[in-house]
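Read the structure below first, then the notes.
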Amino acid sequence: MIVRHQLPEVKLTGVQDITPAYADHYLFTDSLPASFRYPEHFTALGIVAMLKGKGEFKINDETAALDENAFLIVNRGSRLSFALQGSDNIPVLLYFNTILCDLLIRAIFYRDVPADAERDIETYDFSLLEHIHFQHATLKNHLPWLINLGSSCSSFHALKADMLLRNLLDNIIAENYAAVTVSKNLDVVKQSTRKTLYKRLTVAKQWMEANCAAAFTIDHVADIAMLNTHHFLRLFKKAFRTTPHQYLIDLRIKRASNLLIATDSPVSEICQDVGFESLSSFSTLFKVRCGMSPTQFRELNRAQVEK
């Protein structure tokens with residue numbers, strides 16, 4: 001069940017962190033005035049988003065700018081404050097039922113652990129997930145619907161809302177499980193060091209995803225990860241089983257594939273749009289990865305759509 005609330009209770013700086021727990025899914029959403037500021041509070045595991053407008057959210061001393069096309073996953077026990085910009089803002093704070101979180105975390109994290117084995121997994125460590133997610137179609141399309149369902153007194157609508165929330169929570173926990181699994185590729189004994197390194201690599205990887213069409217150097221990406229270039233290259237390959245250069249090429253080829261299907265732009269123009277300077281190298285790399293030339297790829301996919 002979703003229960004609408006006022007904004008969460010503010011905890012004064014210096015007060016001992018008491019991690020909040022919710023017996024139902026907690027939802028706050030409302031129109032707030034321009035330049036609205038809300039001081040720091042402690043979060044449960046959940047999602048922070050802007051249904052309308054823009055805001056600057058501070059999570060554990062790191063700042064994230066959110067609009068209608070981005071959202072932030074927050075961890076249980078994190079510190080969150082925000083300031084809204086403009087005159088027409090609707091923020092959303094959605095915190096998940098704590099008991100349901102416990103059950104799903106144990107089911108996913110312990111699924112490969114024998115029943116009689118010692119279970120030493122930190123089930124509330126979601127620090128690997130606190131980053132901005134862009135253009136998430138499922139959340140963008142379903143969040144207004146979820147809010148409307150949560151406002152309904154209908155038991156059928158309440159059931160649909162619970163199913164949607166369960167799906168969102170499943171995805172979040174599964175993503176964290178995947179992040180924890182990948183981070184173990186770093187083969188660092190100290191867990192806190194492994195988490196820090198993985199987070200830095202993930203920030204750099206996401207920056208590459210957002211800027212893959214731009215011209216930049218690996219030294220610049222290493223700076224974003226706050227690592228020297230040699231260390232960054234070695235750790236990136238360990239974590240993600242590919243080099244930053246190969247990952248960048250894959251990103252550009254994937255974007256080119258989408259443009260070839262969705263637009264009528266010339267291949268030469270798409271080549272430049274996705275960040276390649278040479279049409280010949282683009283065509284060669286595309287054929288290696290897709291098994292056919294860009295033109296053949298477009299013709300094949302257009303033919304399949306027309307059938």
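General remarks:
- Members of the range 183-220 that are of a type in the set (A, V, I, L, M, F, W, C) and within 30 Å of residue 273 (Cβ to Cβ): 201, 203, 204, 207, 208, 210, 212, 213, 214, 215, 216, 218
- Qualifying residue in the range 214-230 (condition: without any contact (Cβ under 8 Å) to a residue 12 or more places away in the chain, out of contact with any Phe, Trp or Tyr (no Cβ under 7 Å at 6 or more places or on another chain) and under 20 Å from residue 71 (Cβ atoms)): no
- Residue selected from the range 257-307 under the condition assigned to a loop (DSSP other than H, G, I, E, B) and either in the same structural domain as residue 212 (by TED's automatic domain parsing) or of a type in the set (D, E, K, R) (or both), by the criterion surrounded by the fewest Cβ atoms within 10 Å (Cβ to Cβ): 307
- Number of the condition not met by residue 254 [criteria: (1) of a type outside the set (A, V, I, L, M, F, W, C); (2) in a loop (DSSP other than H, G, I, E, B); (3) without any contact (Cβ under 8 Å) to a residue 24 or more places away in the chain]: (2)
- When the residues of the range 175-193 are filtered to those that are among the charged types (D, E, K, R) and under 23 Å from residue 101 (Cβ atoms), the one that is surrounded by the most Cβ atoms within 10 Å (Cβ to Cβ) is 175.
- Residues that are within 30 Å of residue 259 (Cα to Cα) and surrounded by fewer than 19 Cβ atoms within 10 Å (Cβ to Cβ) within the range 194-204 comprise just one, 203.
- Tally, over the range 37-66, of residues that are exposed (fewer than 15 other Cβ atoms within 10 Å of the Cβ) and in a loop (DSSP other than H, G, I, E, B): 2
- Candidates in the range 164-174 are the residues that are in contact (Cβ under 8 Å) with a residue 24 or more places away in the chain and in contact with a Leu (Cβ under 8 Å, 6 or more places away or on another chain); of these, the one that is surrounded by the fewest Cβ atoms within 10 Å (Cβ to Cβ) is 170.
- Residues of the range 2-38 that are at pLDDT 80 or above, closer than 28 Å to residue 103 by Cα and out of contact with any strand residue (DSSP E or B) (no Cβ under 7 Å at 6 or more places or on another chain): 21, 23.
- Close pairs from the range 83-105: first in the same structural domain as residue 52 (by TED's automatic domain parsing) and surrounded by fewer than 18 Cβ atoms within 10 Å (Cβ to Cβ), partner at pLDDT below 85 and of a type in the set (Ser, Thr, Tyr), Cβ under 8 Å, at least 6 apart: 83/35; 85/35; 102/123
- For residue 216, the conditions (1) within 30 Å of residue 186 (Cα to Cα); (2) assigned to a helix (DSSP H, G or I); (3) aromatic (Phe, Trp, Tyr) all hold with the exception of (2).
- Test for residue 177: is it touching a Phe, Trp or Tyr at 6+ places or on another chain (Cβ under 9 Å) and part of a helix (DSSP H, G or I): yes
- Subset of the range 219-230 (residues that are surrounded by 13 or more Cβ atoms within 10 Å (Cβ to Cβ) and part of a helix (DSSP H, G or I)): 220, 221, 222, 223, 224, 229
- Test: residue in the range 152-164 that is part of a helix (DSSP H, G or I) and modelled with pLDDT of 80 or more: yes
The values are calculated or read from the model by the stated rules, or taken from the named source; none is laboratory data. Quantities reported herein were computed from a predicted structural model and do not represent experimental measurements. A quick note on method: Cβ atoms are made from the backbone with ideal geometry, for glycine too, and the neighbour counts reach across all protein chains shown.
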